[in-house]
1. Do the conditions hold for A:S245, that is, is it of a type in the set (G, A, S), in contact with a Leu (Cβ under 6 Å, 6 or more places away or on another chain), farther than 20 Å from A:N110 by Cα and part of a helix (DSSP H, G or I)?
2. Only one of B:E119, B:E131, B:E164 is outside any strand (DSSP E or B) and away from chain A (no Cβ under 13 Å). Can you tell me which?
3. Are there any pairs with C-beta distances below 6 angstrom linking a residue in the range B:107-119 that is touching a residue at least 60 places away in the same chain (Cβ under 8 Å) to a residue that is assigned to a loop (DSSP other than H, G, I, E, B) and open to solvent by less than 40 Å² (accessible area, probe 1.4 Å), with the two at least 6 apart or on different chains, and if so which?
4. Among the residues of the range B:398-412, write down those that are open to solvent by 30 Å² or more (accessible area, probe 1.4 Å), touching a residue at least 40 places away in the same chain (Cβ under 8 Å) and either closer than 30 Å to B:I380 by Cβ or more than 32 Å from the chain's Cα centre (by Cα) (or both).
5. For residues in the range A:138-164 being of a type in the set (A, V, I, L, M, F, W, C) and closer than 19 Å to A:V273 by Cβ, which is nearest to the other protein chains (Cβ to nearest Cβ)?
6. Which pairs have Cβ atoms under 6 Å, sit 6 or more apart or on different chains, and link a residue in the range A:198-220 that is acidic (D, E) to one that is assigned to a loop (DSSP other than H, G, I, E, B)?
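The values are calculated or read from the model by the stated rules, or taken from the named source; none is laboratory data. Every value quoted in this text rests on a predicted model; they were computed, and no experiment measured them. When we count neighbours, we look across all protein chains shown, and the Cβ atoms used for this are built from the backbone with ideal geometry, even at glycine. Quick note on the areas: whole protein, heavy atoms, side chains included, nothing else; ligands and nucleic acids left out. Shrake-Rupley method; radii C 1.70, N 1.55, O 1.52, S 1.80 Å.
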Amino acid sequence: MKKIFYTPVLLLTVFVLASCEKDEPDYNRSIFDTSTPELNSFDKWLRDNYTTPYNIVVKYKLHDVETDFAYNVIPADLTKSKQMAFLLKYLWIDAYQEVAGDGIHFVRANAPRLMHYLGSAEYDNETMRLGVAEGGTKITITEVNHLIPKDIIKQNFFNTIHHEFGHILNQTIDIPADFRTITPASYAPTTWYNRDEYEAARLGFVSQYAGKLPEEDFVEVLARYITRTPEEWQATLDLAGDEGSAIILRKLEKVRSYMKTSWKIDLETLKSVIQRRSQEIQFMDFDNLGF
Amino acid sequence: MKKIIAYILSLTALASCVKSADEIFDKPASERVGEAIDNCRKILTDQTNGWLVEFFPEKTQKYGGFNLFFKFAGENAVVSSEIDPAASDTSVYEINSDMSVCINFVTYNPSLHYFSNPETRVGNTIGLGYEGDYEFIIVEASPSEIILMGKKTKNRIRMTPFPENIKWTDYCKTVEKIRSELRPQYSVVLNGKDTVLFDYRKGGFKISYKKDGANVTETVSYIFTDKGIKMYEPFEVAGKLFSEFTMQSDFNFASSGATLVAQTPPRWLPITAYEGNYTLTHNTIMDETGTVYTKNVTLTRDGKTDQFLLSGLMPSLELDVALFYEMGTGTLLVYQQPIYQFDNSNLLNFTAWDMETYLYPNALGTVGQYVRWDGVTAPIELEWVDYGEFPNPIGGFLLWITTADGRTNIGQYTSVPIDQRRWTYIKMKKQ
C-alpha cells in the first residue's frame with residue numbers, strides 16, 4: 001500500500017520543482033529599504049547613550065498610525081525630548097548603574113526595550129490616560145511637552161519612571177508574598193481615587209495610588225522613598241500619624257530586603273545617589289546639551 | 001483511491017505553470033513606493049517660499065478652514081498659521097509609506113499641533129481641542145497642487161505653491177481684513193424668484209431657501225482667502241453651483257454670476273468697532289434714580305479672538321472682565337465669570353444680578369447681559385441690557401464669593417467701595 005502511494009507523490013514533487021524553474025528571485029533587489037537612515041545629532045546621541053550600551057530604543061517621534069486613532073495625542077517637542085532623554089538617563093539609568101553590583105549588566109538585563117515619548121497626555125474624548133509600562137518591554141512617557149528640566153524632581157516624570165521600573169523588576173522577581181499581607185483589606189482597586197492623600201496616608205499608603213493594589217503599593221513605596229528628600233519623606237510619615245507611619249515603615253523594610261536579596265541593591269545607597277544627582281542637575285545648562 | 005487523489009494533485013501542480021500572470025508594472029512594488037516617496041519629497045522641497053495649505057480640522061469641518069503655511073527643507077518643516085502669523089515653528093517631518101505615501105509631522109510644532117492638541121480649551125473642550133490632523137495621506141502630488149487626506153478626519157486638504165514675492169504674514173493681513181468685513185447675513189434672489197439667505201455661523205454659513213415649497217436649511221464650511229471665501233465643497237442651490245465668493249468694496253459677495261447682498265441688522269457693529277476708551281456710567285442699586293457713578297474704562301481685543309477685556313470697572317482691584325463678540329447680532333456678550341481666586345481657593349465672581357430676587361446666588365451657567373449699540377449715535381454709545389436667556393431679567397452684576405467649584409455661596413465681596421462691586425444701568429460712551 002505504501003509503495004503505491006509514494007510513487008505519484010514523487011512524480012508530483014518533480015512537477016512542482018519544474019514549475020518554479022523560470023521564476024528566479026532577483027537577489028539584487030530587496031523589497032526592504034536597506035539604506036542606512038540619516039541620523040540627526042539627537043539620534044546619534046540616543047544611539048551612543050541608550051541603544052548601543054543598553055539596547056533601549058527611545059522613540060521621540062510620534063507615528064500616530066501605531067497608536068490608537070481613538071486617542072487624541074500630540075508629538076513631543078524635539079528640545080523637550082532631548083532634555084527628557086538626558087534627565088531620565090542621569091536620574092534613573094546612571095543612578096542604578098552606579099549602585100548595582102554588576103553596574104551596566106543590571107541595566108542591560110532589566111531596562112525596558114522601548115521608551116515612547118508623547119507630547120500631551122492621551123485622551124479618549126475627555127478621559128485622560130497616563131503613561132504605562134507594557135509587559136516590561138515598553139514605557140510610555142506622556143506630557144513630555146510639560147517638562148521643566150530643573151523642576152523635574154517636583155514633576156510626575158521623576159516618580160513615574162522609578163515607579164514603572166519597579167514594575168519591570170517585579171515582573172522578573174515577584175514582590176514578597178508577606179508584603180501583600182500587611183494591609184490586605186485596605187486596597188481599593190476601583191475606588192482608590194476617592195481617598196485623599198491624608199486618608200490614604202492614615203491607612204499606611206505613601207500616596208493615593210498606592211492604595212489601589214499590592215503591586216502598585218510596592219513600587220510606590222520604592223519610588224517615593226528614593227525620589228523624595230528626607231524632609232519630604234518625613235512629611236509623608238507625619239501625615240500618616242503613628243499607626244499609618246508604622247505600616248509604611250514595615251512596607252519599606254520589605255522593599256529594602258527585596259532590593260537587597262533579589263537585586264543586590266542597597267536601598268539607602270540608591271536613595272543617596274538619586275538625591276545627589278537631583279541636586280547636580282540644578283547646575284546643568286539644559287539649553288546647551290550639545291546634541 | 002489514494003492513487004487517484006495523487007494524480008489529481010499532480011495535475012493541479014501542472015496547471016500552476018500556465019503563464020497567464022503578466023507583469024502589470026515594470027518594477028517591484030517596493031521600488032515604486034520608494035520612487036513615489038522621492039518624487040513627493042522633491043515636489044515638497046522644491047517650493048522655496050513654501051505652500052499655502054487650506055486646512056480644515058474636525059471630521060464635519062464645523063470650525064471652518066484655516067490658512068496654514070508649510071515649507072520643507074531637509075528633515076525639517078516650517079509651519080505658520082493665520083492664528084498667529086508672527087510665529088513660524090520648525091519641527092521634524094517624515095514622508096513614508098505607512099498608509100499609502102504620507103506626510104507625518106512627528107515632533108511637536110506649536111503652529112500645526114494647535115489644531116490637534118487635546119490639552120487646550122480651543123475648539124471643543126479639554127480632551128478634544130480642534131480635532132485636526134497632523135498625519136496626511138498624499139492623494140495627488142504635482143508641482144502645481146497637492147491634495148492631502150487627513151488620516152483621522154478623512155478631510156480633503158489642498159496645498160498650492162505660495163508665490164515667491166508675497167510674505168506669509170502679508171497674506172494673513174489680507175485674510176484678516178476680509179474676515180473683519182464679513183457681514184452677518186447675505187441674501188440673493190436666483191432665477192428671479194428664489195430668495196436664498198446665507199447666515200453667518202462660525203467657520204461657515206447656514207443657508208436657507210425654499211425647495212419644492214418646503215423650507216430647507218443646510219450648513220456649509222468655508223475658509224477665508226485673500227479675495228473672499230472659498231467653500232470646503234461646492235454646493236448647489238436653485239440650479240446654481242457655488243464654490244468661491246469674491247468680496248466687493250461694498251461688503252457684498254460676487255459668486256457664480258450672482259451678487260450676494262450684505263444685510264446688516266439695525267444695531268449691528270463689526271468686531272473692529274469696539275476697541276477703545278469709554279466713559280462708563282452706572283448705578284449701584286436696582287433703581288434707575290439711584291446715584292450715578294462715572295468711570296474711565298478700556299475695551300481691548302484679545303489678539304485675533306472674539307474675546308475682549310474690559311478694564312477700569314473696579315480700579316482698586318485692577319481686575320478685568322471678559323466680553324465676547326457675537327457676529328450674528330454684532331453685540332458683545334458678558335457672562336458671569338470668576339475673575340480671581342483667593343489663596344484659600346475661593347472664587348471672586350463677577351456674578352449676574354437678578355432684578356426680581358435681587359440676587360442670583362449661583363455663579364454657574366452662561367447668564368449675563370449683552371452690550372449693544374443704539375444704532376444711531378456716533379461716537380458709539382453702548383448699553384448693557386438683559387440677555388434674555390435666564391427666566392428672570394438680569395439687571396446688572398455684583399462681586400460675589402463662592403467656593404472653588406462655584407456651587408456653594410460664601411457671600412458678597414465688601415472690601416471695596418460699593419461702586420466697585422455693584423453695577424446696574426450700565427452705559428458706555430466712546431471717548
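1. Values: of a type in the set (G, A, S): yes; in contact with a Leu (Cβ under 6 Å, 6 or more places away or on another chain): yes; farther than 20 Å from A:N110 by Cα: yes; part of a helix (DSSP H, G or I): yes.
Criteria met by A:S245.
2. Checking each option against the conditions leaves just B:E164.
3. That search, which allows pairs on different chains as well, returns B:F115/B:P57; B:F115/B:Y130; B:F115/B:G132.
4. Initial filter on the range B:398-412 (open to solvent by 30 Å² or more (accessible area, probe 1.4 Å)): B:403-405, B:407-410, B:412.
So of that shortlist, the ones also touching a residue at least 40 places away in the same chain (Cβ under 8 Å) come out as B:403-404, B:407, B:409-410.
Listed by number, the residues that qualify are B:T403, B:N409, B:I410.
5. Of the residues in the range A:138-164, the ones of a type in the set (A, V, I, L, M, F, W, C) are A:139, A:141, A:144, A:147-148, A:152-153, A:157-158, A:161.
So of that shortlist, the ones also closer than 19 Å to A:V273 by Cβ come out as A:152-153, A:157-158, A:161.
On the way: A:I152: 18, A:I153: 23, A:F157: 16, A:F158: 21, A:I161: 20 Å.
So the residue we want is A:F157.
6. A:E220/A:V206; A:E220/A:S207
One line per residue, one yes/no per condition, for (1) farther than 20 Å from B:V53 by Cα; (2) out of contact with any Leu (no Cβ under 9 Å at 6 or more places or on another chain); (3) open to solvent by 20 Å² or more (accessible area, probe 1.4 Å); (4) part of a loop (DSSP other than H, G, I, E, B):
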| residue | (1), (2), (3), (4) |
| --- | --- |
| B:V188 | yes, no, no, no |
| B:F198 | yes, no, no, no |
| B:K210 | yes, yes, yes, no |
| B:N215 | yes, yes, yes, no |
| B:D226 | no, yes, yes, yes |
| B:F245 | no, no, no, no |
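For (1) surrounded by 19 or more Cβ atoms within 10 Å (Cβ to Cβ); (2) closer than 22 Å to B:Y232 by Cα, each residue gets a yes or a no:
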position	(1), (2)
B:E75	no, no
B:S80	yes, yes
B:T90	no, no
B:I103	yes, yes
B:S111	yes, yes
B:G132	yes, yes
B:S142	no, yes
B:K154	no, yes
B:I157	yes, yes
